[in-house]
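Participant: Pasting a structure here, questions to come.
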Amino acid sequence: MPSDQPEPKPLAFSKPQRDVRELQPRASEERAVTPLDFGSNAVSVDPLFDSREARRRVSNAEPGKSVFGDHGHPLLNRSFELARQQFPELYPKHGPRIERGIRQLLPLRLETISMFADAALRTCGESVDIFMRVTRDFADLDAAGLMRQMLDSATRKPGILDRLTEHYLKPQRPEMDYRESLSTLKVSLQSFMPRVRVLREEVDQARESLASGLAALSAVCDIDHGGNATAALALGERRSAVRQAFQQLELLSLQANAFEADLVGLLSRADQLANITLPAALAARRQRS
């Protein structure tokens, strides 16, 4: 069936087509412009030998990411594989953080290495100082000594001088309110709990950060950097510092556990004294008197 619509008209060019030879680039232009063919199978240029402008673009890129993804540096995939082999239990949970640390370290720059995991290292030192203050305040309270004195005072048998004084002089000595004293002591002991809990949270976060940083540093340290002795030395020194900080936080976590156990034991002992031991001792004293 014939269509009522007119046939499309051929395209008309306002200018005559140029000769194909005129489209060929001149020699100077051919050297100046070399378009990248991302679809070809040509071998990519090693970034270690890029131009100064290209290296500047990489250094100004977003931290932790390479310009062309994971393949921006030839040592990235090798470092990832080393980290997976060296830390098989840590990598499944903290793999993205470890890989982010490796991307920060590669390509090697001394200023990056010297500041790597710096926040976690500072947290380690601050946590040690905080725990020292907590334990010093706890020692100054001397809760165990106070409860021992209360128990000794309540259960101590009167001597000859005490009995003579009570018999002839009958002094009116107010009886010590042990329950109120123990209640105040319990409040002081319970005030340490939130301080230790906050400290533990900071220690746990710093431990995870240091563990991931140690895995990244170890993987980057164990690959060949082409004779860059200064960077290799800086990596080794930083790995040693991160390892020592991680071990310090491991010890601090154990000390925090022991401190919390002592607090729980003292709170339980205070309840026992206030509700069982001291009332029985005071009742026995009244019967003797």
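The values are calculated or read from the model by the stated rules, or taken from the named source; none is laboratory data. Values in this document were obtained by computation on a predicted structure and should not be read as measured data. Cβ coordinates were reconstructed from backbone atoms using ideal geometry, including for glycine residues, and neighbour counts include every protein chain displayed. To get the accessible areas, we keep the full protein, side chains included, count just its heavy atoms, and leave off ligands, DNA and RNA. Shrake-Rupley method; radii C 1.70, N 1.55, O 1.52, S 1.80 Å.
Participant: Cβ neighbours within 10 Å, averaged per peptide: list 122-128, 224-230, 110-116 in order, most packed at the top.
Facilitator: Values: 122-128: 17.1, 224-230: 10.7, 110-116: 15.0.
Ranked from most to least packed, the peptides come out as 122-128, 110-116, 224-230.
Participant: Determine which residues of segment 101-131 fall in the zone a paramagnetic label at Gln85 would reach in this model, i.e. backbone nitrogen under 14 Å from the point 7 Å along Cα→Cβ.
Facilitator: No residue qualifies, since no backbone N sits under 14 Å from the label point.
Participant: If you don't mind, there's one more thing I want to ask. Could you tell me the calculated FRET efficiency between Ser240 and Glu202, based on Cβ-Cβ distance and R0 = 30 angstrom, to the nearest 0.05? Walk me through the numbers on the way to the answer.
Facilitator: Numbers: r = 23 Å, r/R0 = 0.76.
Calculated transfer efficiency: 0.85.
Participant: If the chain between Arg195 and Leu141 were fully stretched, how many nm would it gain, using 0.36 nm times the residue separation less the Cα-Cα distance? Don't skip to the answer; put the middle values down first.
Facilitator: On the way: separation 54, 0.36 × 54 = 19.44 nm, distance 1.53 nm.
Gain in length upon complete extension: 17.9 nm.
Participant: Which of Ala143, Ile102, Ser114 sits closest to the plus end of the dipole of segment 75-149, meaning its Cα is farthest towards the positive end, when Lys and Arg get +1 and Asp and Glu get -1 on the C-beta?
Facilitator: After comparing all options, I get Ile102.
Participant: Give, to the nearest whole percent, the P(r) tail of segment 237-289 beyond 16 angstrom, counting all Cα pairs.
Facilitator: Details: 891 of 1378 pairs.
The answer is 65 percent, as a whole percent.
Participant: Turning to a different aspect of this structure: Ignoring ligands, DNA and RNA, how do Ile276, Ile130 rank by accessible area with a 1.4 Å probe, largest first?
Facilitator: On the way: Ile276 110, Ile130 50 Å².
Greatest to least solvent exposure: Ile276, Ile130.
Participant: Please compute the length gained on full extension between Met115 and Ser268, using 0.36 nm multiplied by the number of residues separating them and subtracting their Cα-Cα distance. Please report the intermediate quantities before stating the final value.
Facilitator: Values: separation 153, 0.36 × 153 = 55.08 nm, distance 4.61 nm.
Using 0.36 nm per residue and subtracting the Cα-Cα distance, I get 50.5 nm.
Participant: How far, in nm, would the chain grow between Ile223 and Asp177 when pulled straight, counting 0.36 nm per residue and subtracting the alpha carbon separation? Write out the running numbers ahead of the final one.
Facilitator: Numbers: separation 46, 0.36 × 46 = 16.56 nm, distance 7.03 nm.
Net length gain for the segment: 9.5 nm.
Participant: Leaving out ligands and nucleic acids, note down the accessible area per residue over segment 171-289 with a 1.4 angstrom probe, in whole Å².
Facilitator: On the way: 6580 Å² over 119 residues.
Normalised by residue count, the accessible surface of segment 171-289 is 55 Å².
Participant: Any chance you could check the Cα centroid distance between segment 192-206 and segment 209-278 for me, in angstrom?
Facilitator: Each part reduced to its Cα centre gives a spacing of 13 Å.
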